[in-house]
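Here is the structure we will look at, set down as structure tokens.
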Amino acid sequence: MTTQLSRPASPWPGSRHETEHRWDLDDVVSLADAAARVRALAAELRAAHVAGWTLTEPMRDGHLLASRPSRRQRAHSSPAPAPAPVPPPAPGVAPALRWRVRVVDEPPVPGDEVLSLAAVPGSPVVAHSGAGAVQVGGPDLPSEVLAELTRQVPAAEFGSRRWAVVAARVGPGRDLVAEGSALRVHAVAGGVLVRTVESLTFRHAADRAATLPDAAAAYERLAKAAEAMAAAGGRLTETDDGLLHVRYGR
């Protein structure tokens, strides 16, 4: 008598699963809590993959739609030829990160600290040449960063001013901070302009993931970023609509 191997237990009932991973973190109180919650979600997606679920469409805005064969189809599936251990879940490949330039040009009011480029010799400085962003001071920027600044920021927004380029503390993001701008989300530390406020997007973390393992890998990447931010001194100040706000310093 042939014995059919049973699939691993499914985390979801039925043969169709639809949900939106957007507000899952609204009640977390720390970056460590957020990382643990996101890792649990990644484990759930991998368990669903092993149980036979597949994404029906790529993820977007946290929207997940998945399906698996019906119970009747599963009952009539061919039995396995011989017992074998269940393979570990596929690791998946997270979609490439797409970073956006944050343009900061805050008119100062009395009492504000303002950006003096002379005070940040350790930060790259750029301007617009008419053909694109060019570096005019500070440590060298990779050519791909200059190309991305040119692509994302219109010449009219650059104007004739000079701008400091600030790297995210964690991840590939960059800020453009105008000379003379009020420093409300940045600070000068050791001659370098650094971020004091940044964010993590849970809502869009798995955008474009085409498989459950890929989505799981994207959420694992987010969990690691949250842990790296905490290690760098960041603390969670607010979570709203899938966006985690993180502040550094006092």
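The values are calculated or read from the model by the stated rules, or taken from the named source; none is laboratory data. Note that the coordinates shown come from a computational prediction; the quantities given were computed from them, not determined experimentally. All Cβ positions, glycine included, derive from the backbone under ideal geometry; neighbour counts span all protein chains shown. These area figures cover heavy atoms from the full protein model, side chains too; ligands, DNA and RNA do not enter into them. Shrake-Rupley method; radii C 1.70, N 1.55, O 1.52, S 1.80 Å.
Listed here are the residues, each with its yes/no results for (1) in contact with a strand residue (DSSP E or B) (Cβ under 8 Å, 6 or more places away or on another chain); (2) assigned to a loop (DSSP other than H, G, I, E, B); (3) modelled with pLDDT under 95; (4) open to solvent by 50 Å² or more (accessible area, probe 1.4 Å).
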| site | (1), (2), (3), (4) |
| --- | --- |
| ARG74 | no, no, yes, yes |
| PRO79 | no, yes, yes, yes |
| PRO107 | yes, yes, no, yes |
| ALA127 | yes, no, no, no |
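Apart from one condition, GLY233 fits all of (1) open to solvent by 20 Å² or more (accessible area, probe 1.4 Å); (2) in contact with a Phe, Trp or Tyr (Cβ under 6 Å, 6 or more places away or on another chain); (3) touching a residue at least 24 places away in the same chain (Cβ under 8 Å); the exception is (3). In the stretch 202-218, the residues that are more than 21 Å from SER67 (Cβ to Cβ) reach residues that are of a type in the set (A, V, I, L, M) with C-beta atoms within less than 6 angstrom, at least six apart or across chains, in these pairs: PHE202/LEU25; ALA205/ALA218; ALA205/LEU222.
Only residues that are touching a Leu at 6+ places or on another chain (Cβ under 6 Å) and either part of a loop (DSSP other than H, G, I, E, B) or of a type in the set (Gly, Ala, Ser) (or both) were counted in the stretch 129-147, giving 1.
Being at pLDDT below 95 and open to solvent by 50 Å² or more (accessible area, probe 1.4 Å) is a property that ALA90 lacks. Looking across ALA96, ALA156, one residue alone is exposed (fewer than 13 other Cβ atoms within 10 Å of the Cβ) and closer than 30 Å to ALA223 by Cβ. It is ALA96. Taken as a whole, the structure leaves PRO85 outside the set of residues that are modelled with pLDDT of 95 or more, exposed (fewer than 12 other Cβ atoms within 10 Å of the Cβ), over 23 Å from the mean Cα position of the chain (by Cα) and of a type outside the set (Asp, Glu). Inside the stretch 213-230, residues that are in contact with a strand residue (DSSP E or B) (Cβ under 8 Å, 6 or more places away or on another chain) and open to solvent by 10 Å² or more (accessible area, probe 1.4 Å) make up a count of 2.
Scanning the stretch 109-125 for residues that are open to solvent by 70 Å² or more (accessible area, probe 1.4 Å) and either touching a Cys at 6+ places or on another chain (Cβ under 6 Å) or of a type outside the set (Asp, Glu) (or both) yields a count of 5.
Results for (1) at pLDDT 95 or above; (2) part of a helix (DSSP H, G or I); (3) among the small types (Gly, Ala, Ser), shown as yes or no for each residue.
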site: THR3; (1), (2), (3): no, no, no
site: SER10; (1), (2), (3): no, no, yes
site: ALA34; (1), (2), (3): yes, yes, yes
site: ARG37; (1), (2), (3): yes, yes, no
site: LEU45; (1), (2), (3): yes, yes, no
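Consider the stretch 161-205 and keep the residues that are over 28 Å from SER30 (Cβ atoms) and among the hydrophobic types (A, V, I, L, M, F, W, C). The one that is surrounded by the fewest Cβ atoms within 10 Å (Cβ to Cβ) is ALA182.
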